[in-house]
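Report on the structure given below.
The values are calculated or read from the model by the stated rules, or taken from the named source; none is laboratory data. Computed from a prediction, not measured in an experiment: that's the story for all the values here. Note: ideal-geometry Cβ built from the backbone for every residue, glycine included; neighbour counts use all protein chains shown.
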Amino acid sequence: MKPRARTVRPKERIYKTITLCTSRGRAWRAISEPHEFGAWFGASFGAAYHRPFEPGVTLTCAITPGAADGYVATALELTIVDVDPDHRVSFRWRPYAVDGDAGDESEPTTLVELELQTEPEGVVITVTESGFFRFPRARRLPVFAAHDEGWDGELMRLKRYLETSDPTPRHTVTVEVAA
C-alpha cells in the first residue's frame, strides 16, 4: 500500500499516512525508540543512547550508507520536541541536504510529527512535516520536494521493517566472554 499524501498548503506542510497491520505497541516502539527508529529510517544512534525519545534531548545519528536513497548528509541531528506516550512523537531537524553546501546550522529546522491512531484496518501512522515557509524562496521548493518524496520511501521502509522484524519486545542481554 503506497502512503496517501495530502499537501495542506503548497510548500508549507507535508502530510502522509500509512495503515499497517501491526499492534499499536509495536508501531509505538518503531517510532519512539532510537534503535528501532534507526533500523527503518536508515540511521544509527550508536551505543550512547538507549532510552526512548525524551523531550528536550538532541541526538545525532549517522546515516547508514545506501539506506536513505539520495541523501547527501552523513549525519543527522534530531531534537525531540514532544512525546505523548503511545500516541505521538515530534522532533525538529535540519533540512534535506540537496547539495553539499546546504543543510548547515544557519538554516531553519522543520517540525516532524509522527502520530499513531488505531483503526479497524490496523494502525494508522501519520507523518506531518511543517515549517518549510521559513526557508528562502530559492531553497524552499527543493527542500520540500526532497522531503515529500523522502517520506514516501521512509514509510515504505517502516512498513517493511514492521512486517519483517521480530514482533516481540527487545531486551538487552549482556554476554561476557572469558578470555
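For segment 74-104, name all the residues that are part of a loop (DSSP other than H, G, I, E, B) and either modelled with pLDDT of 80 or more or touching a strand residue (DSSP E or B) at 6+ places or on another chain (Cβ under 6 Å) (or both). First the steps, then the outcome.
Start the filter on segment 74-104 by keeping residues that are part of a loop (DSSP other than H, G, I, E, B), which leaves 74, 85-87, 94-104.
Passing the criteria: Thr74, Pro85, Asp86, His87, Arg94.
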**Message:** Looking only at segment 36-64, count every residue that is within 18 Å of Leu155 (Cα to Cα) and modelled with pLDDT under 80 and tell me the total.
**Reply:** 2
**Fill in**
Filter segment 11-28 for residues that are outside any loop (DSSP other than H, G, I, E, B) and of a type in the set (Ser, Thr, Tyr); the one that is farthest from Ile125 (Cα to Cα) is Tyr15
**Any chance Tyr15 is in contact with a strand residue (DSSP E or B) (Cβ under 9 Å, 6 or more places away or on another chain), among the hydroxyl-bearing types (Ser, Thr, Tyr) and at pLDDT 70 or above** = yes
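When segment 29-53 is examined, which residues are found to be under 27 Å from Phe144 (Cβ atoms), among the hydrophobic types (A, V, I, L, M, F, W, C) and not in a helix (DSSP H, G or I)?
Residues satisfying the conditions are Ala43, Phe45, Phe53.
Say we look at segment 122-142 and pick out the residues that are of a type outside the set (Gly, Ala, Ser) and over 18 Å from Arg94 (Cβ atoms); which of these is surrounded by the fewest Cβ atoms within 10 Å (Cβ to Cβ)?
Checked segment 122-142; the qualifying residue surrounded by the fewest Cβ atoms within 10 Å (Cβ to Cβ) is Arg137.
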